[in-house]
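So the structure is just underneath, and the comments pick up after that.
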Amino acid sequence: MQAVSPSSIIHPSKPRRLNHLTRSAIRCAYRHDSVQFPNGVGSSRADWQSSCAILSSKVFSQDQGSGDNNSTPPSNSDHFAVSVNGPKTSLDLNLAPLDKNKPQPPAQKPLSITDLSPAPLHGSQLRVAYQGVPGAYSEAAASKAFPNCEAIPCDQFEVAFQAVELWIADRAVLPVENSLGGSIHRNYDLLLRHRLHIVGEVQLPVHHCLLALPGVRKEYLSRVISHPQALSQCEHTLTKLGLNVTREAFDDTAGAAEYIASNKLRDTAAIASARAAELYGLQILADGIQDDSSNVTRFVMLAREPIIPRIDRPFKTSIVFAHDEGTSVLFKVLSAFAFRNISLTKIESRPHRNRPIRLVDDANVGTAKHFEYMFYVDFEASMAEVRAQNALAEVQEFTSFLRVLGSYPMDMTPWCPSRGDEQSHM
Ligand SMILES: O=C(O)C(=O)C[C@]1(C(=O)O)C=C[C@@H](O)C=C1
């Protein structure tokens, strides 16, 4: 049976809201028992997509909670890609091209769940969804990843995924890890729930500023608001600055700046970018307040279609896997890469969504409760390389579920720290 790319199903000319018949048809299309790479993945897009789809087959049955052939209606908790599409509303994205030199109007409202009407606006510019409002680091990452793109603000990570799935955006750029704050777990979970492909990565030096209304002094502050990642990246510096403030989480850094400006809060400062200060008319009270001057956030670029992996430049591949018998498989999986001299750049574990706990009864001593995980691994090789194909074929033997999230060029841009690589608190 010909494997079907999930993205070919979510197409503007076809109904976007999946009913359960559609879901069962997709499930049949995905039913493959094993993955083999006898002669490599192949060079055509069709070959590569087939391979991705085959590797995806097990997550599909896992998403559905069973491996049976019956079509089961989605449950309320089922976050299948397009089933959470909100009511049809008229959508006015009021989009302006991202131009770093030109201040964007602060009034640009991020997309919310209810804005996700399946009526994409089509233009020639690449539309790139990001989480946050103009001035957010994610917006800067979108423009670094896709210069001259039309950046589409979204109020949640999940909305950015859906914007791509519903053809409102062509790509999404989302943070997955920061050198100080660690992984952005929400996006790891969403990568598994949705069917987008990682087509690239971009590493953005993150240079934080403390922003307040003009005329406000540090001594007046009783509160600092920002994205939790930004708060954690500046934790020690905030303490060193001697501020007597509470710290409060906000959806995104630039949104925190906008909130202060629109509510004229004189007792509150935001941690955000210098661009956010410019956009929302705030002054910079302290500059370069991240705890480490080489603070970097890694973002992934997501698309409906995978890219064809190549070998003419450094590639990275991201996979996620699980095994029915818990962590015992981890060593075997990692050794499949080690034996082939493939370096791993990242390992992340997340709770297994369908089966977070495994009970093991021992009549003599009681019941052990083992936590179950999904493992995410990034490795430095392209899926066009035979050693990577062989490693995955071996991993497939040890795992009950394996999905390739993407094989994509590594961000090899020379280290170019943000303005204040040398810290410059005022
Ligand atoms: O709030 C923003 O400006 C974002 O783009 C989000 C985000 C994140 O999620 O980690 C991105 C980069 C920085 O690490 C801080 C926050």
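The values are calculated or read from the model by the stated rules, or taken from the named source; none is laboratory data. Just so you know, these numbers come straight off a predicted model, no measurement behind them. Note that each Cβ is placed from the backbone with ideal geometry, even for glycine, and that neighbours are counted across all protein chains shown. Surface accessibility is based on the protein's heavy atoms, side chains included, excluding ligands, DNA and RNA. Shrake-Rupley method; radii C 1.70, N 1.55, O 1.52, S 1.80 Å.
Yes/no matrix, rows are residues, columns are (1) free of Cβ contacts under 8 Å to residues at least 40 places away in the same chain; (2) within 14 Å of the ligand (Cβ to nearest atom); (3) within 18 Å of Asp155 (Cβ to Cβ); (4) in a helix (DSSP H, G or I):
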{"site": "Gly242", "(1), (2), (3), (4)": "yes, no, no, no"}
{"site": "Ala256", "(1), (2), (3), (4)": "yes, yes, yes, yes"}
{"site": "Tyr259", "(1), (2), (3), (4)": "yes, yes, yes, yes"}
{"site": "Ala270", "(1), (2), (3), (4)": "no, yes, yes, no"}
{"site": "Glu278", "(1), (2), (3), (4)": "no, no, no, yes"}
{"site": "Ile289", "(1), (2), (3), (4)": "no, yes, no, no"}
Spot the failing condition for Leu285; the list is (1) crowded, with 24+ Cβ neighbours inside 10 Å; (2) of a type outside the set (Gly, Ala, Ser); (3) more than 16 Å from the ligand (Cβ to nearest atom), and only one is missed. (1)
Among the strands (runs of 3 or more DSSP E) contained in region 310-381, which hold 3 or more residues that are among the β-branched types (Val, Ile, Thr)? 315-322
How many residues of region 244-254 are more than 9 Å from the ligand (Cβ to nearest atom) and either open to solvent by 30 Å² or more (accessible area, probe 1.4 Å) or among the charged types (D, E, K, R) (or both)? The answer is 5
Any residue at all in region 290-310 that is surrounded by fewer than 23 Cβ atoms within 10 Å (Cβ to Cβ) and polar (S, T, N, Q)? yes
Whichever residue in region 397-418 is outside any loop (DSSP other than H, G, I, E, B), at pLDDT below 95 and open to solvent by 20 Å² or more (accessible area, probe 1.4 Å) and, among such residues, is nearest to Lys332 (Cα to Cα): Phe398
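Residue-by-condition table, conditions (1) surrounded by 21 or more Cβ atoms within 10 Å (Cβ to Cβ); (2) within 16 Å of the ligand (Cβ to nearest atom):
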residue	(1), (2)
Arg186	no, yes
Arg193	no, no
Val199	no, no
His208	yes, yes
Leu211	yes, yes
Gly215	no, no
Ser222	no, no
Ile225	yes, yes
Pro228	no, yes
Please verify whether Leu238 is assigned to a helix (DSSP H, G or I) and either touching a Phe, Trp or Tyr at 6+ places or on another chain (Cβ under 8 Å) or more than 12 Å from the ligand (Cβ to nearest atom) (or both), treating the condition exactly as stated. yes
Which pairs turn up if I take residues in region 206-227 that are of a type in the set (Phe, Trp, Tyr) and look for partners that are within 16 Å of the ligand (Cβ to nearest atom) and not in a loop (DSSP other than H, G, I, E, B) with beta carbon separation below 8 Å, at least 6 apart in sequence or on another chain? none
If the requirement is being out of contact with any His (no Cβ under 9 Å at 6 or more places or on another chain), closer than 21 Å to Met410 by Cβ and of a type outside the set (Phe, Trp, Tyr), which of these qualifies: Ile311, Ile307? Ile311
Please find, within region 124-183, the residue that is surrounded by the fewest Cβ atoms within 10 Å (Cβ to Cβ) out of those that are within 12 Å of the ligand (Cβ to nearest atom), of a type in the set (A, V, I, L, M, F, W, C) and assigned to a helix (DSSP H, G or I). Phe157
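Table: residues versus (1) under 21 Å from Phe379 (Cβ atoms); (2) in contact with a strand residue (DSSP E or B) (Cβ under 8 Å, 6 or more places away or on another chain).
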site	(1), (2)
Gly281	no, no
Leu285	no, yes
Asp292	no, no
Arg298	yes, yes
Glu305	no, yes
Ile319	yes, yes
Phe339	yes, no
Ser343	yes, yes
Arg350	yes, yes
Here are some residues: Ala338, Ala381, Ala388. Which one is over 19 Å from the mean Cα position of the chain (by Cα) and open to solvent by 30 Å² or more (accessible area, probe 1.4 Å)? Ala338
Restrict the check to region 320-342 and report whether at least one residue is within 16 Å of the ligand (Cβ to nearest atom) and on the phi < 0 side of the Ramachandran plot. no
